[in-house]
1. Please label the shape of the range 105-163 as rounded, prolate or oblate, based on the square roots a ≥ b ≥ c of the eigenvalues of the alpha-carbon gyration tensor (a/c under 1.5 means rounded; beyond that, a/b larger than b/c means prolate, else oblate).
2. Need one value: the accessible area of His30 in square angstrom, 1.4 angstrom probe, rounded to the nearest 10.
Amino acid sequence: HGPPYAGVAGEGGVIVENGIVKFQKIEFYHSRNLIITRGHQPDFAGQHEVAREVAGIYKKLGVKRIISLGGYVPRSLEGEEGVSYCGTGRKIIKEFESLRKYHGQFLGFSALVLTFGKMNGIDGLALFGQTAPDYDNPTKPDHAAAKQLLKTLFEVLGLDLKIQDVEKTEVRAEY
């Protein structure tokens, strides 16, 4: 066993919150020309089929670009910090060449959605915020990495939001 996001290939399951069993789910939020998709990251049985279906939904809705957000732990914690990226084709790579290219594995549902999106003619961009592992609590959010990632996302989307606006709504939890 390991942290919840490091599931064993083919391992399925449910989420248990306060003793109540809940299915893993994918949620969609839509506003104007933006669709936010929120889901459960661990490797689960059938994730290829679900990712293929989600990419199909995006195609039906006329989505032109998928942007995936995630974290990564570099091999060495020394050196450059910040946000890295990868994309589904040369066009998107050229568009974001001012950012640092990500090198390494891109696993899980988010990677699959970008891949199936590409197969449906949708450009894909993944932004990765550099984080340091917390071995005592591997699911604890890294707020500094999240801020850096949001700042980059705001710039990519041309949103006139400030990190302070997000900090006002930040919910803190004890870990």
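The values are calculated or read from the model by the stated rules, or taken from the named source; none is laboratory data. None of the values given here were measured: they were computed from a predicted structure. Just the protein is used for accessible areas: all its heavy atoms, side chains included, with ligands, DNA and RNA removed. Shrake-Rupley method; radii C 1.70, N 1.55, O 1.52, S 1.80 Å.
1. oblate
2. Ignoring ligands and nucleic acids, His30 comes out at about 140 Å².
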